[in-house]
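Data first, discussion second: the structure below is written as structure tokens.
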Amino acid sequence: MSIFNKPIDQITTQDVERFCSEGVAENVRVEYKREFSSRDDIKQVAKEVAAFANTQGGTILFGVEEDEKRKPKLPLTGIDPAPEPDDRITKICLVSIYPPIVPEVAVLPLAHPAGQVLAVVRVAESDQTPHTIQGRTEFYVRGNAQCAPRAATMEEIEWLQNRRLKAVEHRERLFERAERRCEALMGRPAGPTLRMSIAPLYPSQPVFLHSEVLSIVRGRNRATGLEFASRASYPAHESAIGQVPLEWGRWEFAAVDIWGLIHYSLRPRETEPPKRIVGNLWLLAETRRFLQVARHWYGTKGYWGPACLQVCLDGCADATLACDEDSAFKREPMGGCKGDTSIRIDLVVTANRLEDEFDDLTLGIHRRLRWAFGVEQAEENEKPSPWLLERVKILENGQETCPRCKRGVMSSGRAKGVGCEAKR
């Protein structure tokens with residue numbers, strides 16, 4: 001975890017030093033401040049915090065000096081710990097900004113120079129915009145081309161005043177565009193299709209560069225070992241898309257755009273084409289794989305604001321949920337979907353939840369999908385049986401053998417099945 005998504009009370013001085021050693025220049029989500037003392041600095045803090053809240057959120061590091069390329073200088077110099085920096089920063093945000101903002105603040109001691117401290121201030125993207133300063137007369141935002149806060153234009157002020165509605169409409173258009181592209185390229189599926197999308201809750205500024213969206217879609221990610229649809233990938237308007245036809249009528253489709261949308265659609269393996277079969281293990285494994293990609297890339301870009309997650313299982317009318325944990329792909333029926341043609345789950349998630357509650361989040365989604373097939377659920381306060389999660393992690397790690405029965409068939413991290421005769 002990075003300083004962007006690590007719980008604020010768990011961030012250490014070493015975390016900040018490690019981040020600064022990477023040489024990340026100031027950008028739309030990161031600001032470095034050498035000092036925090038004068039009246040001018042107090043106004044500047046209010047501008048920075050309001051601009052972050054009005055845009056995509058961000059992090060301010062006090063006690064970090066920048067060079068001519070706007071990159072942090074080492075060693076870190078720190079700031080004077082008296083009076084308490086966290087109290088002063090919080091007071092500025094409550095008194096000098098309207099509507100008030102309550103940021104996350106951590107004050108960390110420096111070994112050298114002795115007695116100095118660092119202050120980490122994290123500001124979330126706000127849905128109460130516009131935030132103003134100076135008696136509600138000044139509006140500030142941040143942009144990709146200009147790291148420092150700047151005065152908002154009339155169009156941006158209007159956008160901020162109607163931000164929630166306009167941003168939600170924009171996000172829904174992004175979801176719909178990805179679905180239309182999938183249907184245009186892959187055709188309308190005849191059987192069950194798993195469709196997953198995630199995007200910033202209020203997408204108003206680009207998250208990814210054009211070059212990065214291609215990197216996400218193409219092949220195996222070197223940093224994480226994660227796979228996405230990749231054999232045929234190419235750029236599109238504000239996006240990159242990839243498609244992979246697979247065996248037995250299966251296919252995968254991925255779309256990523258600069259606004260932070262990551263979309264993934266795929267059809268499950270069917271042992272007999274006329275039947276509509278959905279694998280129990282396959283559902284959980286593919287949901288986890290998608291969210292691992294999203295978690296990695298949002299963390300890499302420093303986006304830690306709220307995100308809208310949508311998981312849909314389309315074409316599930318009269319489909320059967322089958323047990324698919326054995327090596328011979330024997331599909332033992334577990335339940336059937338009789339009343340719904342489509343199952344849709346909408347969630348708002350944060351980077352902290354993706355990091356700290358990843359297993360619970362994916363198991364919770366899986367539980368809700370199973371429910372549509374009439375499979376008995378555990379109580380809400382009771383965690384699902386760990387054996388299923390254990391098998392999925394075997395797939396993710398690409399282990400050749402199951403640690404329980406010392407048998408297995410997986411040679412990659414894809415959700416095709418794993419043999420285990422151990423008692424569940």
Within the set of pairs 6+ apart or on separate chains, which have a first residue in the stretch 177-196 that is touching a residue at least 12 places away in the same chain (Cβ under 8 Å), a second that is aliphatic (A, V, I, L, M) and assigned to a loop (DSSP other than H, G, I, E, B), and C-beta atoms under 7 Å apart?
ALA178/LEU261; PRO192/ALA319
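Is at least one residue of the stretch 80-94 touching a Ser or Thr at 6+ places or on another chain (Cβ under 8 Å) and closer than 22 Å to ASP15 by Cβ?
We begin by selecting, within the stretch 80-94, every residue touching a Ser or Thr at 6+ places or on another chain (Cβ under 8 Å); these are 80.
When the remaining residues are screened for being closer than 22 Å to ASP15 by Cβ, the result is 80.
Yes.
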Please pick out the residue among THR55, THR13, THR77 that is surrounded by 18 or more Cβ atoms within 10 Å (Cβ to Cβ), among the hydroxyl-bearing types (Ser, Thr, Tyr) and more than 12 Å from VAL121 (Cβ to Cβ).
THR55
Is it fair to say PRO268 is buried (at least 22 other Cβ atoms within 10 Å of the Cβ), outside any strand (DSSP E or B), modelled with pLDDT under 85 and in contact with a helix residue (DSSP H, G or I) (Cβ under 8 Å, 6 or more places away or on another chain)?
yes
Going through VAL141, VAL123, VAL107, VAL117 one at a time, which residue ends up being closer than 23 Å to LEU61 by Cα, touching a Ser or Thr at 6+ places or on another chain (Cβ under 7 Å), surrounded by 13 or more Cβ atoms within 10 Å (Cβ to Cβ) and aliphatic (A, V, I, L, M)?
VAL141
Considering each residue of the stretch 87-104, count those that are surrounded by fewer than 20 Cβ atoms within 10 Å (Cβ to Cβ) and either of a type in the set (Val, Ile, Thr) or more than 21 Å from THR132 (Cα to Cα) (or both), and give that number.
3
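Which of the helices (runs of 4 or more DSSP H) contained wholly in the stretch 153-217 include at least 3 residues that are of a type in the set (Lys, Arg) and surrounded by fewer than 18 Cβ atoms within 10 Å (Cβ to Cβ)? It would help to see each step written out before you state the result.
Working: elements: 154-161, 163-186, 210-217.
Where helices (runs of 4 or more DSSP H) fall fully within the stretch 153-217 and carry at least 3 residues being of a type in the set (Lys, Arg) and surrounded by fewer than 18 Cβ atoms within 10 Å (Cβ to Cβ), they are 163-186.
The values are calculated or read from the model by the stated rules, or taken from the named source; none is laboratory data. Keep in mind it's a predicted model, so treat the numbers as computed, not measured. Note that we place each Cβ from the backbone using ideal geometry, even for glycine, and neighbour counts take in every protein chain shown.
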